[in-house]
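What follows is calculated from the coordinates using simple rules that are stated; it is not laboratory data. Just so we're clear, the structure is a prediction, and the values are computed from it rather than from any experiment. Neighbour counts are summed over all protein chains in view; Cβ atoms, including those assigned to glycine, are modelled from backbone coordinates with ideal geometry.
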Amino acid sequence: MRHPFNVPMTARRLRARLDALSDERKARVVSYIDRDEFGRHATVCCKRCGDPIVDGRGRPLTLYAELTMQFEDGSYHTTCLCRSCAGSVRTLADLEELYVTDLCEMLEDEKFLPGRCPLQEIDARVPKRVAGIWTLDKRPVR
Ligand SMILES: [Zn+2]
């Protein structure tokens, strides 16, 4: 069931998290997914460098990598990047930037598929560590 008040709450929390990022990090928080008019995902780009990592048919490209972060509450989130950028993630500030970027995309998805993602349950999670980074064929990046 959808709770319409939750999305504005998420938007407010997300605004606060965005504002807390450095100017350099804030500038990198941009949409990295091309959507069609129905909100379906087509091309996905690396959220740090902008290189395409998933083609227009939803197929991951060879430089596709996934990073799994763990939060202070023990839960996890997996996000996609290019292999090079995934390998360069070092700090909690890096993880915060990636997670805020993903929350912004999830909020965008909410316009097309309301209630798909329990945003109000995940928008306050605080990253704690990198749990793993893998290439498309499941080899560790570092
Ligand atoms: Zn990249």
Once Lys and Arg are counted +1 and Asp and Glu -1 for all other residues with Cβ under 13 Å from that of L136, the total becomes +1
Top positive-direction residue, dipole computed over the chain with Cβ charges, set F38, I133, C82: I133
Proxy reagent accessibility, fewest Cβ within 10 Å first, across L113, L67: L113, L67
Relative contact order for the range 12-135, counting Cα pairs under 8 Å that sit 6 or more residues apart, in percent: 27
Cβ-based net charge around S31, under 10 Å, with every Lys or Arg adding one and every Asp or Glu removing one: -1
A131 paired with R40, simple spin-label distance in nm, labels 7 Å along Cα-to-beta-carbon: 3.0
When the chain is treated as a Gaussian network with springs between alpha carbons less than 10 Å apart, the largest mean-square fluctuation among I33, I122, I53 is found at I122
Select from T91, F71, G58 the residue farthest towards the positive end of the dipole of the range 12-135; place +1 on Cβ of Lys and Arg, -1 on Cβ of Asp and Glu, and compute about the Cα centre. T91
Using 1/(1 + (r/R0)^6) with R0 = 25 angstrom and r between the beta carbons of M9 and F112, what's the FRET efficiency to the nearest 0.05? 0.80
Compute, for the range 12-135, the length of the dipole vector about the Cα centre, with Cβ point charges of +1 (Lys, Arg) and -1 (Asp, Glu) only. Units Debye, rounded to 20. 140
May I ask you to sort R116, R48 by Cβ crowding, counting other Cβ atoms within 10 Å and putting the fewest first? R116, R48
Kirkwood hydrodynamic radius of the chain from all distinct Cα pairs, in Å? 15.6
